Amino acid sequence: MFTGIVQAVLPVKAVLQDDGLCGFTFDFPDALIAGLEVGASVSVNGVCLTVTHISQNQVSFEAVNETMRVSNLRTTENNSMVNIERSAKRDDEVGGHVVSGHVMGTARISSIEIVPNNCRMTFAIPKDWLRFLFSKGFIAINGASLTVADLDKDAGTLTVNLIPETLRSTNFPLLSVNDEVNIEIDSQTQAIVETVERVLNQRS
């Protein structure tokens, strides 16, 4: 489990393609690697990956083809900057919302608007996901917990406001229009919507 509060933005040091697997290696700062062990879960751009190797400060992960297919990790290259979060521990403060690291897929940035003291970023959302999204609800984008500022279901777009602290602590300032981001819908909202839909269908 993760909280959606990004702890570091790190460059990819190595990408290794293998049969059915893709490996990623990062140099973790001392504060982030403390207590990390092989087998631990780490959010990499919102994707939950398992630590497969640690050598001093170098930390490696592997992703299977399906993970690559549904996420923007498939476009990750050496020196790509990604959001990193260690898994939450018991009694950790949930500063964002509960995030599983199981992304639903990707969305493309349709516009970026710089306004005083924040940035408005709009995404084109697949229609199948729109029923799980609500204005002022939670969404995880590249692993960062964000609040839906505006939702246009007719246009199929979602807008978030990025405050200076979010811009400082994530890779959002490095993104451009048409870039893909990883999307994870709030699991509680999804469960409620699907339960209500199932009950209504049974009654009809």
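No value in this document is a laboratory result; all are computed from the given coordinates. As the structure is a computational prediction, the values presented were derived from the model and not from experiment. Cβ coordinates were reconstructed from backbone atoms using ideal geometry, including for glycine residues, and neighbour counts include every protein chain displayed.
A few remarks follow.
- Only helices enter the 222 nm calculation for the chain: every DSSP H run of n ≥ 4 contributes -39,500 (n - 2.57), and dividing by all residues gives -4500 deg cm²/dmol, rounded to 500.
- Helix 187-203 vs. the chain, principal-axis angle (Cα, 0 to 90°, nearest 10): 40
- Options 187, 88, 200, ranked by Cα towards positive dipole end of the chain, top entry (Cβ charges): 200
- Three-way shape call for the range 56-132 based on the alpha-carbon gyration tensor, with the a/c threshold at 1.5: rounded
- Residue (of 175, 35, 54) at the positive-pole extreme of the chain, dipole from beta-carbon charges: 175
- Under 29 Å from the Cα of residue 127 - lysines, other chains or at least 8 residues apart: 136, 153
- Magnitude of the charge dipole for the chain, about its Cα centre and with charges confined to Cβ atoms of Lys, Arg (+1) and Asp, Glu (-1), is about 420 debye.
- Relative contact order computed over the chain (Cα-Cα under 8 Å; 6+ residues apart), in percent: 24
- For the chain, a Kirkwood hydrodynamic radius built from all Cα pairs, placed in the Stokes-Einstein relation at 4 °C and 1.567 mPa s, yields a translational diffusion coefficient of 73 µm²/s.
- This ranking places 18, 27 by how few other beta-carbon atoms lie within 10 Å of each, fewest first, which gives 18, 27.
- The GluC sites (Glu not before Pro) found in the range 1-107 that occupy coil by DSSP, while having at most 13 further C-beta atoms within 10 Å, are 37, 77, 93.
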